[in-house]
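In what follows, a single structure is set out as structure tokens and then discussed.
FYI, it's all coordinate maths here, none of it is from the lab. Source: prediction; values computed, not measured.
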Amino acid sequence: MPNIEKPAPGTAAQQIEPELLTKAEAAQLLGCSPRSIDNLMRQRRISFVKLTAKMVRFPRREILQNIRENLTVHAQTSSGR
């Protein structure tokens, strides 16, 4: 039988981020409340996967892509205008 080693703690294998996020994780990533996630879902402005009637997950890649495409930075001058 081959000798299979477990990766050491703190290695890349343990630092892999999940592909599907919970509502709380998606809210944290977007910097908003879980209630705002509900509103975005209802408006179909955020991608989601409905696994069961009560279990919803959000694809990390699509959320990050949405941020990149729709991010608007508003600069403020030193005079506050």
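Close amide H partners of V56, meaning residues 5 or more places away or on another chain with modelled amide H under 5 Å apart, are L51. Using a ≥ b ≥ c from the Cα gyration tensor of the stretch 18-68 (square roots of the eigenvalues), is it rounded, prolate or oblate, where a/c under 1.5 gives rounded and otherwise the larger of a/b and b/c decides, a/b for prolate? Rounded, since a/c falls under 1.5. Here the Karplus curve 6.51 cos²θ - 1.76 cosθ + 1.60, taken at θ = phi - 60°, turns the phi angles of the stretch 25-38 into couplings of 5, 5, 4, 5, 4, 8, x, 9, 8, x, 5, 5, 4, 4 Hz, with x standing for Gly and Pro.
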